[in-house]
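Peer 1: Have a look at the structure that comes next, please.
The values are calculated or read from the model by the stated rules, or taken from the named source; none is laboratory data. What you see is a predicted model; the values in this text were computed from it and never measured. Note: ideal-geometry Cβ built from the backbone for every residue, glycine included; neighbour counts use all protein chains shown. Heavy atoms of the whole protein, side chains included, go into the accessibility calculation; ligands, DNA and RNA do not. Shrake-Rupley method; radii C 1.70, N 1.55, O 1.52, S 1.80 Å.
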Amino acid sequence: MPVQFQQKESYGIGDLLEIMSLLRGEGGCPWDQEQDHHTIRRNFLEETYEVLEAIDQEDSELLREELGDVLLQVVFHAQLEREAGRFDFSDVCDGICKKLILRHPHVFGATQVSGSGEVTQNWDQIKAASKGQTTAAQMLESVPRVLPALMRSDKVQSRAAKAGFAYPDLGWAMEALQSELGELQEAAASGCGERTGEELGDLLFAAVNVARMLGQDPEECLDKSCEKFIGRFTKVEQLAREQGTDLKSAPVERLVALWQEAKRM
């Protein structure tokens, strides 16, 4: 027997909250009833990335749909907490509204700012104070460990730089990158897997620092390199087919030649 729900031509956030409650309630959906924060954790991440893809494609219709999927994840997690008696969706809204008001004293208070740079500075100061962070190290530790490693590295380095811990110019950062490459080469030659992994991490961290000082997003740069590689590999595969070359058995010199040819296409 269907649950009691009035279908409409158009729905709002109140309807979404009611639907989520019905799905989780008696007579609702068995799958939804079985979920908890951990089982749907990955869904939240995947839906967020799909929003980013819609933004990159500049597809407004897709963006509308994907934002709805992300909103569903927020509502789902809030429903789980409501059932546990800890908080509900209205508490989530209340919290973010209060945070926005607190961190925009130049809009909701008497604070004067000269531009976006000062806005960001005030935001960081208010955020640190509200979280009880009194040291720069605490600000670094607060960067979520679950962020993609390149993104986390960039945020950690940016916060360290705001505390005054940064190279004075790009030349220093480039020199450090070269130094880390040398240390990686030494570690690889030693045959020690643990040391090699550590030095590889240091090299990547140094590369992120160079990207930051160049004003580049390392995550976006690497993503573009992935796309570039896929495009060129597609051409390599096409050339190999046309020239009767088996990529799996071809000598490395032949593969390099095909790659160079693909770059010129």
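Peer 1: Name the residues in segment 52-107 that are acidic (D, E), under 21 Å from C29 (Cα atoms) and open to solvent by less than 50 Å² (accessible area, probe 1.4 Å), would you?
Peer 2: D69, E81, D88
Peer 1: What about D154, is it in contact (Cβ under 8 Å) with a residue 40 or more places away in the chain, over 30 Å from E34 (Cβ atoms) and either of a type outside the set (F, W, Y) or in a helix (DSSP H, G or I) (or both)?
Peer 2: yes
Peer 1: For segment 138-149, indicate whether the set of residues that are within 24 Å of D202 (Cβ to Cβ), of a type in the set (K, R), open to solvent by 70 Å² or more (accessible area, probe 1.4 Å) and assigned to a helix (DSSP H, G or I) is non-empty.
Peer 2: No: zero hits.
Peer 1: Quick one: is E180 assigned to a helix (DSSP H, G or I), modelled with pLDDT under 95 and surrounded by 15 or more Cβ atoms within 10 Å (Cβ to Cβ)?
Peer 2: no
Peer 1: Still on this structure: Quickly run through segment 32-49 and pick out the residues that are open to solvent by less than 70 Å² (accessible area, probe 1.4 Å) and within 17 Å of the chain's Cα centre (by Cα).
Peer 2: Within segment 32-49, N43, F44, E47, T48 meet the criteria.
Peer 1: For segment 198-233, what are the residues that are without any contact (Cβ under 8 Å) to a residue 24 or more places away in the chain, over 30 Å from R254 (Cα atoms) and more than 18 Å from the chain's Cα centre (by Cα)?
Peer 2: E198, E199, G201, D202 - these are the residues of segment 198-233 that are without any contact (Cβ under 8 Å) to a residue 24 or more places away in the chain, over 30 Å from R254 (Cα atoms) and more than 18 Å from the chain's Cα centre (by Cα).
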